[in-house]
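The values are calculated or read from the model by the stated rules, or taken from the named source; none is laboratory data. Bear in mind the structure is a predicted one, so any value in this text is a computation, not a measurement. Here the Cβ positions follow ideal geometry from the backbone for every residue, glycine too, while neighbour counts run over all protein chains shown. Ligands, DNA and RNA are stripped out before the accessible areas are found, and what is left, the full protein with its side chains, is counted by its heavy atoms. Shrake-Rupley method; radii C 1.70, N 1.55, O 1.52, S 1.80 Å.
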Amino acid sequence: MSTESTPSQFQDTQQLLSEDGFRVSNIWYHGTASGLLESIQQQGLKGAGDAELMSRQQHLLKTIGHSSIGSDDPVFLTQSKELAYFWAQQKTHSRNLAFQQQEQPVVLQITLAEEDNARVKPDAGGAALMLEPGNAYMTFLKALYDAHGHTLEDANPLAMPRDYFLNKLGLAYRQAPIAADCLTAL
C-alpha cells in the first residue's frame, strides 16, 4: 500500500507527526473490515475478535496435522487514522481471501476516558515488524515519514525503549475490551 492510496479523510499524518513521532491523546483508531463492523458495533472491540477467520485458520491447521492454537490478543490501536487504514486494508485483504466477499476497509475512532486511556500501552511486539526484511508496514511507515519531511531511522528494536513503538511506530494496545459506546465508524 502506498501513502497515496489512503483516502483523504484518513490522511492525518501531517497534523500528528513530528521529529518525535506521532502525537498521542485520548483519541485512538483501529482498522478492521466491513464484515466485522456490525458485531463490533454491538459487542465492542475484543482482542482476537475475528472468530470467523480464526475458526477457518484453526480448521486449516488441523487438516495439515497441526494442533489448534489459542489466541489471547489485546485490542490493537494507533493514534493515526492513516495508520489504522493501513491495518484495515490488511484485515480486509485477509478476510476477502478467506471468504471471497467484497468487504471494505473500516476505520474506527475510539474515544477513551482518562482512566481507560491510561491503560493503553506501547506495543513492543512491533519489534518483530522491524526485524522482518521488507515488512509492508515498516515500508509504508518510512514512506509516510519521508512524505512529511521526517526520517524514520533504522534502529535496533531490541534496544529501543517501549515508548519508541508508540511514538515512532504508532503501535499500541489495550488488553481489556473496548465498549461499543466508545466507538465511531469513520
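Some observations on this one:
- Check on residue 120, touching a residue at least 40 places away in the same chain (Cβ under 8 Å) and either more than 21 Å from residue 162 (Cα to Cα) or out of contact with any Leu (no Cβ under 8 Å at 6 or more places or on another chain) (or both): no
- Count of the range 77-89 residues which are open to solvent by 10 Å² or more (accessible area, probe 1.4 Å) and in contact with an Asp or Glu (Cβ under 7 Å, 6 or more places away or on another chain): 1
- Pairs with Cβ under 8 Å, 6+ apart, first in the range 19-36 and closer than 16 Å to residue 172 by Cβ and outside any strand (DSSP E or B), second open to solvent by 50 Å² or more (accessible area, probe 1.4 Å) and among the hydrophobic types (A, V, I, L, M, F, W, C): 26/113
- For the range 90-101, a tally of residues being over 18 Å from residue 28 (Cβ atoms) and either under 18 Å from the mean Cα position of the chain (by Cα) or open to solvent by less than 50 Å² (accessible area, probe 1.4 Å) (or both) returns 7.
- Hits in the range 136-186 (condition: buried (at least 19 other Cβ atoms within 10 Å of the Cβ) and either more than 24 Å from residue 25 (Cβ to Cβ) or among the β-branched types (Val, Ile, Thr) (or both)): 178
- Failed criterion for residue 170 (all others in (1) out of contact with any strand residue (DSSP E or B) (no Cβ under 9 Å at 6 or more places or on another chain); (2) not in a helix (DSSP H, G or I) hold): (1)
- Per-region count, the range 102-116, residues open to solvent by less than 20 Å² (accessible area, probe 1.4 Å) and not in a loop (DSSP other than H, G, I, E, B): 4
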